[in-house]
Amino acid sequence: MEFDKSFIRKLVKQDREAQMTFYKQLSPKMYGICLRFASDRDDANDILQEGFIRVFRHLKDFRGEGSLEGWVRRTIVNTAINLYKKRIKKGIAADINTYENSIVEKPLIVEQLSANELLELVKELPQGYRTIFNLSVIDGYTHKEIGIKLNISENTSKSQLSRARTALQKKLKSIKDRENIE
Amino acid sequence: MNKDHEHIEQILREQLADFATTPPDSVWEGIERGLDKPVFFPWPYRIAAAIVAAVVIMGTLWYFNPGQSENLEMVSEQINDVNPAAPALADEPQTTVGQSDAAETAVTVGTTANESSETVVVTELSKEMSPKQSEQFQTETNVSTPSNEKLTQTTTIAKDNTTQLVFQHNMRQAFSLQELETRPSSLSTDFMQFWMKQNNSLDYRTNNTLLPPAALPQTESNTQISNNTWKLALLVSPEFPLKQYDSITLSTAYTLSVEPSFYFKKHWFVRSGLGFSFNKDDGFAQLDMTRNEMMGTYEDVYDVTFDTIDGNVIPTYHTQTTEIWDSVRHNGLVGVTNRYQYLQLPVLIGYHFGINKFEFSIYGGTAFNFQIAKQIDDVSKHTPQATIHRYQNTLPDRASMHTQLWLGAGVEYRLGHRFSITAEPNFRYQLSPLYSDSDFKQSNHMFAVRFGCIYQLSNKR
């Protein structure tokens with residue numbers, strides 16, 4: 001999605017109408033990102049709200065490198081990460097070491113799940129796993145980049161991703177088992 | 001296993017990377033509220049910003065206002081001092097006063113009544129314009145001018161049917177130097193541009209290109225407060241007594257005053273105003289009184305009981321602490337403090353001169369002090385339980401009115417176009433006694449330092 005310079009100038013000048021238009025165009029996609037990172041809808045709403053406030057306040061810092069949508073996307077992701085960090089500090093963030101490795105059978109069910117169901121799957125992951133999983137698998141960040149963002153080592157990022165995958169597979173297996181029973 | 005992971009992740013990526021869903025309306029409302037909230041910076045940054053802003057403002061005022069009146073005053077001064085070498089011209093009828101169709105304001109040289117000054121200045125200017133220059137002027141500005149000979153005899157430089165060129169003497173009133181620079185149309189634009197080019201300068205402040213340098217006699221100082229200027233001073237002054245009496249300690253008095261000044265005849269000023277003065281005298285009072293005072297305590301036995309222990313009778317005395325009070329007569333001296341408030345009315349005349357941004361002055365005059373309130377220390381208030389037999393405050397009462405002779409000097413530093421700060425040490429000699437008591441009529445004197453700020457009001461002709 002591209003925006004012309006005059007529109008961006010209006011946004012920088014804090015034109016409320018332009019801001020609303022901008023929000024309406026980008027918010028659905030950004031909300032999808034927030035839902036992936038958040039534990040629940042309230043958190044997702046907070047991330048989206050805080051993210052867009054930061055977007056509008058710091059739009060003047062956008063240097064035109066890359067697309068504006070990509071810049072907004074990164075801002076939203078950073079907002080989600082900041083929320084996660086705050087939760088860690090407060091001790092609210094879910095422990096990321098609680099899942100054990102387990103042997104999982106090959107899942108065939110994932111193709112049958114809708115986007116919403118997959119989203120619910122991801123949301124059920126513990127927050128730490130979910131954050132790293134989203135950053136790595138969905139948003140395409142390298143482990144080095146994730147390490148910098150979350151103040152963790154590259155190896156920690158890798159190990160957490162591995163555990164996230166295991167947890168996800170476990171959930172898929174449980175879905176499959178339920179369906180078999182039914 | 002890895003392939004399973006990749007497969008799952010690929011599907012997740014495909015499904016979720018661009019997953020979009022509409023957020024609730026409450027999110028946008030929250031965004032609007034967040035954007036409407038003012039952004040506050042932490043207080044250290046605010047303080048730093050305030051300090052930086054203050055420094056920038058003061059620096060800007062200082063940089064852009066270094067003695068604006070310099071050249072204006074020089075102009076007016078020089079006009080007055082120009083050699084009146086063309087008396088014949090003064091006899092010519094002058095029609096240059098008044099507004100032209102083209103110029104925005106009327107400008108006259110000297111005072112409106114002084115036509116010869118107007119004539120002389122123009123003559124000087126025209127003398128400086130050589131035939132070559134006048135021809136050049138005519139060529140460049142396309143304004144017709146008489147021949148050089150006629151130039152020396154006429155009163156206008158740029159002559160056409162609609163424009164007449166004159167100069168306003170008291171330019172401070174009309175407009176500041178900055179205004180001159182921004183309103184060139186108030187003078188003949190053609191002439192101004194011509195002179196600027198001739199003098200190769202656009203900076204009036206440093207090169208004084210309003211008039212040719214040769215036409216300008218030198219003056220010692222080039223910062224003068226122009227005539228008929230009003231200033232308003234707000235001053236605080238501690239007054240230190242230089243002489244004490246045997247039984248009186250005169251404390252430092254403090255005065256807060258508002259004083260307008262009127263500047264005239266180039267170097268002179270008169271100042272008056274109103275001040276509120278707070279004075280204090282410390283001394284002693286003779287006091288003869290009787291007062292109940294506690295002398296001490298003792299344990300008073302109010303009961304005795306007896307107990308038998310091992311066949312022995314042991315008394316137990318029950319006591320209570322009892323205070324002993326007695327009336328005591330005191331006859332001696334106590335410290336007292338008398339306080340006075342005066343309305344101060346100075347009438348001063350002074351002489352001033354300036355160098356760059358400093359104005360120096362000396363002044364003298366009389367200050368009248370009228371007592372408006374006093375608080376005489378009453379010891380009985382400090383001793384409510386006593387019987388006062390005799391009380392005599394030995395401190396003499398201050399006179400309801402006294403007069404001082406002031407001789408002082410002042411240094412004023414201009415911070416901006418109208419605002420300056422000042423410090424004025426002055427010596428004050430009592431012309432009338434400070435105390436009404438005949439035993440304390442010897443003369444006294446004080447030293448005071450007045451600090452404050454001065455605001456220049458507009459000029460008046």
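The values are calculated or read from the model by the stated rules, or taken from the named source; none is laboratory data. Because the structure is a prediction, the values reported are computed rather than measured. Cβ: placed from backbone, ideal geometry, glycine included. Neighbour counts: every protein chain shown.
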Among residues belonging to the stretch B:323-350 that are surrounded by 13 or more Cβ atoms within 10 Å (Cβ to Cβ) and of a type in the set (Ser, Thr, Tyr), point out the one that is farthest from residue B:379 (Cα to Cα). B:342
Selection from the stretch B:412-454 of residues surrounded by 13 or more Cβ atoms within 10 Å (Cβ to Cβ), among the hydroxyl-bearing types (Ser, Thr, Tyr) and within 25 Å of residue B:368 (Cα to Cα) yields B:422, B:429, B:432, B:435, B:436
Residue among A:100, A:69 that is modelled with pLDDT under 80 and of a type in the set (Asp, Glu): A:100
Suppose the filter is more than 9 Å from chain B (Cβ to nearest Cβ), outside any helix (DSSP H, G or I) and among the aromatic types (Phe, Trp, Tyr); does residue A:7 pass it? no
Of all residues in the stretch A:19-48 being assigned to a helix (DSSP H, G or I) and of a type in the set (S, T, N, Q), which is nearest to residue B:17 (Cα to Cα)? A:27
What number of residues within the stretch B:374-409 satisfy the criterion of being among the small types (Gly, Ala, Ser) and in contact with a Lys or Arg (Cβ under 8 Å, 6 or more places away or on another chain)? 2
Qualifying residue in the stretch A:31-46 (condition: of a type in the set (Ser, Thr, Tyr), within 13 Å of chain B (Cβ to nearest Cβ) and more than 23 Å from residue A:140 (Cα to Cα)): no
Does the stretch A:1-32 hold any residues that are under 23 Å from the mean Cα position of the chain (by Cα) and either modelled with pLDDT under 90 or aromatic (Phe, Trp, Tyr) (or both), and which are they? A:1, A:2, A:22, A:23, A:31
Sort out which residues of the stretch A:20-29 are more than 8 Å from every other protein chain (Cβ to nearest Cβ) and either crowded, with 19+ Cβ neighbours inside 10 Å or touching a Lys or Arg at 6+ places or on another chain (Cβ under 6 Å) (or both), and write them in order of number. A:22, A:26
Considering only residues that are of a type outside the set (Asp, Glu), surrounded by fewer than 16 Cβ atoms within 10 Å (Cβ to Cβ) and not in a helix (DSSP H, G or I), which ones fall in the stretch A:50-87? A:63, A:64, A:66, A:67
